[in-house]
């Protein structure tokens, strides 16, 4: 039986832990804007529901970090701050921007998780199955974001590129540090 490379597994778990925690922080930033500056109860409900999925994902990776004795990324405090800022900032720009933030991040995560799924061998069946499930949750979030008004037209195309580039950079850094 072919085994999954231990170093790769540690990178996968470290970065997924950071990413799921970052998603929670983005949603917390969005909810903060919705509770203080923007009044949209429907959007608040949608974001709260998506945040629950991210908490499930984060808890799984938190347990894997502890169980496997993997050091989390040293940049968690920075990612927390940036996630809150991205969530808050996108939401004060309006519902389309808030939903584009979700769609853009989830499009990067879809590709990221697909890449991991392709590299994880049968010896890590539970991890692989969880990532498959989590990927589907993220795809559902992306679909919800587009149903709720996310767009890449005009200014939003620039915003999409910035969010995706930032997400990809955070992934590369969190794998290693």
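For the reader, a short list of remarks on this structure follows.
- In the condition set (1) more than 17 Å from residue 25 (Cβ to Cβ); (2) touching a residue at least 24 places away in the same chain (Cβ under 8 Å), residue 67 is compliant with all but (2).
- Of all residues in the stretch 104-117 being surrounded by fewer than 18 Cβ atoms within 10 Å (Cβ to Cβ) and closer than 16 Å to residue 170 by Cβ, the one that is farthest from the chain's Cα centre (by Cα): 115
- Residues of the stretch 52-66 classified as more than 18 Å from residue 113 (Cα to Cα) and either crowded, with 17+ Cβ neighbours inside 10 Å or modelled with pLDDT under 95 (or both), total: 0
- The stretch 146-177, residues that are modelled with pLDDT of 95 or more, assigned to a helix (DSSP H, G or I) and farther than 19 Å from residue 85 by Cα: 146, 147, 157
- Hits in the stretch 118-136 (condition: surrounded by fewer than 16 Cβ atoms within 10 Å (Cβ to Cβ) and either touching a helix residue (DSSP H, G or I) at 6+ places or on another chain (Cβ under 7 Å) or in a helix (DSSP H, G or I) (or both)): 118, 119, 122, 123, 125, 126, 129, 132, 133, 136
The values are calculated or read from the model by the stated rules, or taken from the named source; none is laboratory data. These numbers come from a predicted model, not from an experiment. Glycine gets a Cβ as well: all are built from the backbone with ideal geometry, and neighbour counts include every protein chain shown.
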